[in-house]
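Participant: Quick one: the structure is below, questions incoming.
The values are calculated or read from the model by the stated rules, or taken from the named source; none is laboratory data. Quick caveat, the model's predicted, so the values are computed rather than measured. For the accessible areas, the whole protein counts, side chains as well, though only heavy atoms, and no ligand, DNA or RNA atoms are used. Shrake-Rupley method; radii C 1.70, N 1.55, O 1.52, S 1.80 Å.
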Amino acid sequence: MKIVMLAGDSHSSDIVYNCLNREFGVDFVIMEHGVDRKTFLKKRIKRLGIFKVIGQILFTVFIVRKLEKSSKDRIAEILQENQLNNDRSYREGDKFQFVKTVNGEETADLLKKLKPDVIIVNGTRIIKKHILDIGDAPFINMHTGITPKYRGVHGGYWALVNHDEENCGVTVHLVDEGIDTGSILYQERIHPTERDNFVTYPYLQTSEGVKLEIKALYDLQQGELHPCSNDLPSHLWTHPTLLEYIRHKVK
């Protein structure tokens, strides 16, 4: 089974690669560079409005960066407990290539050349139809939220904000043209401790999610995936603003 990854430049992608490579062997990794900051902000402002985006930037500067520093020991503990490895040495090998975007011609040419049996997606921008239609390989993604109720970003955090602990978890699903709307393969809940916070939830979700991806790949190896759906309402979530985070924290 030839496995190719389409990945964003993140620790999550490193963790997923190392887990899947240890279990199956990953044949190639296509990793996209991050979106230009100026272009990214312009698109987000057009979609959400300037005041919302300013609030999200302030949240990142004053909350996320602080939590990242204070949570290093907890993150290391999660990695060790779940035997996760975020080593990046694979990026120096000949089975790895950076591209400008997963939707570019360079990506299309690589996929046509590689002819994978399955494409594991992790942390990329929304993949467009002309890429999804290359070959017959399924695209499988790990989403850090229970779909379709927590599509978008920070699904675990928003579930806890909503006192919806039973839907605080992770989903592995097939990729379509929508945002986290593809058919579900597996879902699992996580159980954060008092030591966890906004920046550690994704590590808990990834630790469960890679197990689900391994199950899905074994299903595929046996010749049959098991897509399904649930009756949860559908909602798309975005990054919290500084004031939203403070308000929810007080509540």
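Participant: Leaving out ligands, DNA and RNA but keeping every protein chain, what accessible area does HIS248 have, in Å² rounded to the nearest 10, with a 1.4 Å probe?
Facilitator: Here the residue's solvent-accessible area equals roughly 50 Å².
Participant: Hey, another quick one. Sort LEU58, LEU232 from largest to smallest accessible area, using a 1.4 Å probe on the heavy atoms of the protein chains.
Facilitator: LEU58, LEU232
Participant: Ok, one more. Using a probe of 1.4 angstrom, how much of the accessible area of the chain is carbon and sulfur, in percent?
Facilitator: Solvent-exposed carbon and sulfur of the chain make up 51 percent of the total.
Participant: Quick check: with the 1.4 Å probe, what order do MET1, MET142 take by accessible area, largest first?
Facilitator: MET1, MET142
Participant: Within the set LYS129/LYS211; LYS42/LYS251; LYS2/LYS95, which residue pairs have Cα atoms separated by over 23 Å?
Facilitator: LYS129/LYS211; LYS42/LYS251
Participant: If you don't mind, another one. Below 8 Å between Cα atoms, with a sequence gap of 6+, how large is the relative contact order for the chain in percent?
Facilitator: Relative contact order for the chain comes out at 24 percent.
Participant: Largest first, what is the accessible-area ranking of HIS235, HIS163 with a 1.4 Å probe?
Facilitator: Largest accessible area first, the residues go HIS163, HIS235.
Participant: Under 18 Å between alpha carbons, and skipping anything fewer than 8 positions from LYS115 in its own chain: which aspartates and glutamates qualify?
Facilitator: Hits, sequence-local ones excluded: ASP27, ASP94, GLU105, GLU106, ASP133, ASP136.
Participant: Taking a probe of 1.4 Å, how large is the accessible area per residue of region 137-251, in Å²?
Facilitator: Result: 47 Å² per residue.
Participant: Using Cα positions and a limit of under 19 Å, work out the aspartates and glutamates in reach of LYS38, with same-chain residues fewer than 8 apart set aside.
Facilitator: Within the straight-line cut-off, LYS38 pairs with ASP9.
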